[in-house]
């Protein structure tokens, strides 16, 4: 018999298991420096090699897809979170003169204040906007601070897909690169002249970027008769009328996308970069399946989203797990701004988004490849353009809110048709004398004829 106290047969103890999380004493890449971070089991990196690995993944994602033309204006969606802050740092370093493979586009930044739907006071919103502006101003890029209340002033064009106008592009890639280099050199010369003429404080005080006007727009919320104040009340009533947190989060995402799209079109940005990480993409993939949006997973989670026509949505951070992004921001001091959202301090089962996120994160603790497996599965999906479907004579109608094609052109035996038939039958009035209308004998419904 084996002695449980000895741990095995005989007197020889069982070999000790290797402690979980233990790593080698040297970096797996350079084999010289001591590791400071473990991103996966057996992958321990030193600080320098981890930075090279992180930067290379971002450049490889953009280089593999090659969808940004030199000199194009690209709008970076900044929320203050870990992923969008890390994306902003990668763009900064990619445009640096010392970078090995420079990025050749002209970036801008947008931040949307959502405090009106999160129950935040005006003082708290003003403090957050000040912190965000300090981060954005330090980048040197043009930035736009927008309030969610401004969604009521948007034109109807945000509800339609516009054709892409490529007439403004250079006739060749070489000429586009030359134009971008000339623009970059001009920007450096203007910056040197400004530095020589004025001090930093004077230059910041004379800043004419759109984001510098946010204190006046925020002060308009204090005025009872202003349009922004009335829009804030309308927005609060809109979200107060929605009982489900899941529906609130979906509506907030839609309104946020409309604002970003309007700012991009108004300022002639042709691309928009969002900071969806690998973890966020995996959660969104399962969430959309639960919400009945499985037909649009390729657009909602893919690298390129072209549903809006003239403005393309890019997700360059979709191969970074949340763990790697957190390590990078901590090791290299990437500034972030925390802003409470609709789901802050909510329970795990308050919404479908939180439930699936909790499920994936707990499963990731026991099985470290869970998130990557879900992500790789969704990566195999691709959106089929309408012109590539010969069976569809005309382009399907689009949803008014998300602009995805309506998936109502289906076969007769589908579950949608069965649901519509059941709804139609349930609306029929009940028959007064049975379904056979009072025949000579017992009818098909089994009721006797009338008068007996």
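Quick notes on this one:
- The single condition among (1) within 19 Å of residue 303 (Cα to Cα); (2) touching a helix residue (DSSP H, G or I) at 6+ places or on another chain (Cβ under 7 Å); (3) not in a loop (DSSP other than H, G, I, E, B) that residue 68 does not meet is (3).
- Residues that are surrounded by 13 or more Cβ atoms within 10 Å (Cβ to Cβ) and in contact with a strand residue (DSSP E or B) (Cβ under 9 Å, 6 or more places away or on another chain) occur in region 338-353; there is at least one.
- Restricting region 117-127 to residues that are part of a loop (DSSP other than H, G, I, E, B) and touching a residue at least 24 places away in the same chain (Cβ under 8 Å), the residue that is farthest from the chain's Cα centre (by Cα): 120
- Filter result for residue 93 (surrounded by fewer than 20 Cβ atoms within 10 Å (Cβ to Cβ) and either under 20 Å from residue 255 (Cα atoms) or free of Cβ contacts under 8 Å to residues at least 12 places away in the same chain (or both)): no
- If the condition is being more than 17 Å from the chain's Cα centre (by Cα) and part of a helix (DSSP H, G or I), then region 348-357 contributes only 355.
- Residue in region 152-161 that is closer than 17 Å to residue 338 by Cα and touching a helix residue (DSSP H, G or I) at 6+ places or on another chain (Cβ under 8 Å) present: no
- Among (1) closer than 29 Å to residue 94 by Cα; (2) touching a residue at least 24 places away in the same chain (Cβ under 8 Å) - the single one residue 381 does not satisfy: (1)
- Counted residues, region 313-347 - those being without any contact (Cβ under 8 Å) to a residue 24 or more places away in the chain and not in a loop (DSSP other than H, G, I, E, B): 1
- Residue selected from region 29-62 under the condition assigned to a loop (DSSP other than H, G, I, E, B), touching a helix residue (DSSP H, G or I) at 6+ places or on another chain (Cβ under 8 Å) and surrounded by 15 or more Cβ atoms within 10 Å (Cβ to Cβ), by the criterion modelled with the highest pLDDT: 36
- Within region 96-116, if we keep just the residues that are more than 23 Å from residue 148 (Cα to Cα) and in contact (Cβ under 8 Å) with a residue 24 or more places away in the chain, the residue that is surrounded by the most Cβ atoms within 10 Å (Cβ to Cβ) turns out to be 103.
- Region 292-310 - residue that is in contact with a strand residue (DSSP E or B) (Cβ under 6 Å, 6 or more places away or on another chain) and assigned to a loop (DSSP other than H, G, I, E, B) and, of those, nearest to residue 163 (Cα to Cα): 310
- Residue check, residue 149 assigned to a helix (DSSP H, G or I), out of contact with any strand residue (DSSP E or B) (no Cβ under 7 Å at 6 or more places or on another chain), over 20 Å from residue 269 (Cα atoms) and at pLDDT 65 or above: yes
- Considering (1) crowded, with 21+ Cβ neighbours inside 10 Å; (2) farther than 17 Å from residue 108 by Cβ, the lone condition that residue 240 does not fulfil carries the number (1).
The values are calculated or read from the model by the stated rules, or taken from the named source; none is laboratory data. Only a predicted model underlies this, so the values are computations on that prediction, with no experimental measurement involved. Virtual Cβ from ideal backbone geometry, glycine too; neighbours counted across all protein chains shown.
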